[in-house]
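Working notes for the structure below.
The values are calculated or read from the model by the stated rules, or taken from the named source; none is laboratory data. Quick caveat: nothing in here was measured; it's all calculated off a predicted structure. As a convention, Cβ positions derive from the backbone with ideal geometry for all residues, glycine included, and neighbour counts pool all protein chains shown. Please note that ligands, DNA and RNA were not included when accessible areas were found on the heavy atoms of the full protein model with its side chains. Shrake-Rupley method; radii C 1.70, N 1.55, O 1.52, S 1.80 Å.
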Amino acid sequence: MGSDLVVRFAGEGGQGQVTAAEGLAQAAAQVGYHVQTFATYPSQIEGGPTWAQTRVSTNTILTQGDQLDVLVALNRSAYETHIGELREGGVLIYNSKDFDEQLGGLSIGLDVDSLARATGNPRAANIIMIGAVAQLASMPADYFRQFIEARFRRGRANDDEIINGNIKALDVGFDAAAASGYRVNPLDPPPAIDRQRVLVKGNDFLSLGAIAAGLDIFIGYPISPATTILTFMEGNLNGEGKFVGQATSEIESIGAIVGAGYSGRKAMTSTAGPGLSLMGEGLGLAWMAEIPLVVCDVQRGGPATGLPTKTEQSDLLTALNPGHGDMRIPVIAPGSVEECWQAGIDAINWAERYQGPVILLTEMGVAERNEDVPRPDPSLVVAETRVVSDGSMGNKRYSGNGLAPFPVPGGPGAYVANASEHDEEGDTTHLPQVHVTQTERRFAKLKLLENGSYEAEHTESPIAIMPWGGSKGAARAAYQILRATGTELGWLYTMYLNPLPAALLEELRRKELVIVPELNYLGQFSGVLRGLGVNAHSITQYTGLPFKEQFLVERVREEIAARSGRLARV
Amino acid sequence: MSKRNPEYDFKWCPGCGDFGVVRAVEMAIGRRAAERGESIEKTVIVAGIGCSGNLVHLQEGPQPFGIHGIHGRTLPIAYGIKAGRPDLNVLIAAGDGDFLSIGMEHIGPQAKRNLDVTAVVMDNGIYGLTKGQASPTTMLGVVTPTTPYGKLEDAINPLELYLTLGVSFVASGISTKPRELAGLIQQGMDHPGFAIVHVQSPCTTYNDTYEALKGNPEKGIEPGAFDIPADHDPADRSAAIALAGNKAIPIGLLYQRADSTPMQQRLTEARARTKVRTRSVDDLLTGLHI
């Protein structure tokens, strides 16, 4: 296991933890390691307990890591909170200014602020921390000099001065760690880089996917942890015919993208739980009037204001039925940063294909973390566009047994897009037979989305684990550990939660037991699966934090023992 | 669409003011399309929920596009249509309940954007479709099913409200004069920016104000509405506010901002000024290379 390093930087918000974690990740990624970061902080501009974690590995990374190899504690309270997660043999680096006594064990006391000032750059404290960590993990100093060169070379007159100052800070960290004589397991050299990779956050990657699929209009309202999608779009969705706007509420956002979708353009908004609740009626309008659009919901802890900066998977039921009445909104939930690109593309494509609203359901844990992923090729993206009316249908917008051509305003086929129950032309009616026909038409269109891809391994096993969304990584790690230690278990996974790929649903129905790890109290997805005739049961956690691998390993074992026993007795 | 469509099952009551408004809307959008040599399909009617919104289904002759959405949200929908398709003519049809109660939060933002749309607000001073409850424009003390002791809230003065929020074109019409009303609607559509044509459109069933608006000398009823004097300067905002503060309702064009710049034009100019670089997805990905 010498190929893996997990480092946590913990302290008060504003002490540079996130910068240090991301800097370490960038430096390691630059020389070819796989990296993943994770950060968690309170909902305030500055201060409060904040920590950020970086995992560096020679293998593909599935989770942020269960146990710490190195803990950097920038104050006493961070030390007390996190020391329990430092593995045996791990090293503690602590801010000696915050401690009266010398700490024992494998610990290095550094007064990082004074040391930074001594280098002439008081802002270099995080570079000192990175240097110390690098030395502990036996990572060559050269890697980090390259990184500093790349990060601070910006064509300014004083570039050299800044770079030299930071290299000095790096050396200070290196030397301090070297003087301690401590080492954590050395990292193997990085794997050979086989293709171009990018280091990206989930929110940015799904935004890029949506733009690649031809997104025209984005209108949104700031809300954690979805705001970075709005700001990404403001900065990058521009050019002829493109429009990005900040709305005055989520009610305005959803109304606006209904209007934009109706006008014939590809439209999207982003929000988190509270905003999704406000969008319920508007999403019903889009379902009823058959208007293509995408709502990205970046889940955080709920209900109400809940935990704005923590991760949870508790919006699934709301995403499926965000408003009143008979509807079932298509939902795509990416399980990693890498999947966010395709999820962004597919959400736009699905909306166009079935002419209705789609929810792109992600979560804080995926949205805000950095991952190194293979660079996608935008020229390979297949961007779908709705079937447009050529006027031959007259104004019968809502005719037939399913999808009908979409009349674009300004062109032929004028009709009324109607949120009230309506006849073929969109005029309001209360006739029972029309409500029956139109309700069935709307649901029939979901069939167009049942061909999504999915992962299946060891399908011969009667028991399978099937995570969804951001719990995929931890579930995958647990699955691998369980298989390697002799547990008979299959693997099923898809990001297409509604409608499920038809072949996957058949597979699920054949299982004796499907175990669903998910971050909510209710066991939302297993409930949905049971409604579809699958014997699914959840492993739940609702701490605001992601799953740990070992926790899932133990819980899956318990689940199998308890449920298989019960199955045998029946 | 109703004449050709026997399944359409909504009807206004006999004598409803909205009959006059629908004729005025048809006149305005038909005449404007002909004058500009463009097809009627370039016009979209965004309808609210209430008696008035059904106007979208009752257009006679060549049909515009329509969207009949949810209660109170005509303006957000119109914002999105203009964001997507600045080339379309967008006309909003809503009532006083839809526009001024549940939908009031959306007036200010569109006024600040100066969204290039025209809202025709049909004011009957009551919730008609739900059978006669008090609306924002119902007067203080009026007894309705939801105000058994008389209405406790002051009535909104819509014209004052629009002017205060900065709406760049504010006109007031009356359903009994569809020809004049059509003229105001057409002027509003020609105005580059957010236009509101607020229309007195009486409800014969729950709040019949025909007599109150016209006045009846025999009964000693003063007219509740008057034509704006010819010497009023619509570019004078203070004069418009003074008119709106009158006890009786002024009919005609109150205010039109002279230097009105709509949202889309602001965006075009800002883009030219700041020279935002459009980068392809490929370029953006290259920026993320490790």
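A few notes on this one:
- Flag for residue A:312 being of a type outside the set (Val, Ile, Thr), assigned to a loop (DSSP other than H, G, I, E, B), within 20 Å of the chain's Cα centre (by Cα) and at pLDDT 95 or above: yes
- Condition met for residue A:375 (open to solvent by 10 Å² or more (accessible area, probe 1.4 Å), within 11 Å of chain B (Cβ to nearest Cβ) and either of a type in the set (Asp, Glu) or in contact with a strand residue (DSSP E or B) (Cβ under 6 Å, 6 or more places away or on another chain) (or both)): yes
- Annotation note: of A:338, A:384, the sole residue that is in a helix (DSSP H, G or I) and either under 29 Å from residue B:62 (Cβ atoms) or open to solvent by 30 Å² or more (accessible area, probe 1.4 Å) (or both) is A:338.
- Only residues that are open to solvent by 10 Å² or more (accessible area, probe 1.4 Å), farther than 22 Å from residue B:43 by Cα and facing chain B (nearest Cβ under 8 Å) were counted across the range A:246-270, and they come to 3.
- Of the listed requirements (1) within 15 Å of residue B:137 (Cβ to Cβ); (2) under 17 Å from the mean Cα position of the chain (by Cα), residue B:224 misses just one: (2).
- Some residue of the range A:216-238 being within 18 Å of residue A:385 (Cα to Cα), at the interface with chain B (Cβ under 10 Å from one of its Cβ atoms) and not in a strand (DSSP E or B): yes
- Filtering the range A:43-57 for residues that are modelled with pLDDT under 95 and charged (D, E, K, R) leaves a non-empty set.
- Screening the candidates B:125, B:141 for the property of being buried (at least 22 other Cβ atoms within 10 Å of the Cβ) and either at positive phi or outside any loop (DSSP other than H, G, I, E, B) (or both) yields one hit, B:125.
- Sole residue being surrounded by fewer than 16 Cβ atoms within 10 Å (Cβ to Cβ), outside the structural domain of residue A:310 (by TED's automatic domain parsing) and on the phi > 0 side of the Ramachandran plot, chosen from A:400, A:413: A:400
- Checklist (1) farther than 22 Å from residue B:112 by Cα; (2) small (Gly, Ala, Ser); (3) open to solvent by less than 60 Å² (accessible area, probe 1.4 Å); (4) out of contact with any Phe, Trp or Tyr (no Cβ under 7 Å at 6 or more places or on another chain) applied to residue B:230, failing item: (3)
- Test: residue in the range A:138-155 that is polar (S, T, N, Q) and either within 12 Å of another protein chain (Cβ to nearest Cβ) or open to solvent by less than 10 Å² (accessible area, probe 1.4 Å) (or both): yes
- Residues satisfying the stated conditions in the range A:277-320, i.e. away from chain B (no Cβ under 14 Å), open to solvent by 40 Å² or more (accessible area, probe 1.4 Å) and charged (D, E, K, R): A:310
- The listed residue being more than 9 Å from chain A (Cβ to nearest Cβ) and assigned to a loop (DSSP other than H, G, I, E, B), out of B:115, B:100: B:115
- Set side by side, the residues A:323, A:394 differ, and just one is small (Gly, Ala, Ser), more than 21 Å from the chain's Cα centre (by Cα), buried (at least 18 other Cβ atoms within 10 Å of the Cβ) and part of a loop (DSSP other than H, G, I, E, B), which is A:323.
- Verdict on residue B:219 being open to solvent by 30 Å² or more (accessible area, probe 1.4 Å) and under 25 Å from residue B:97 (Cα atoms): no
- Scanning the range A:297-309 for residues that are touching a helix residue (DSSP H, G or I) at 6+ places or on another chain (Cβ under 6 Å) and either touching a residue at least 60 places away in the same chain (Cβ under 8 Å) or not assigned by TED's automatic domain parsing to the domain that holds residue A:336 (or both) gives A:297, A:298, A:300.
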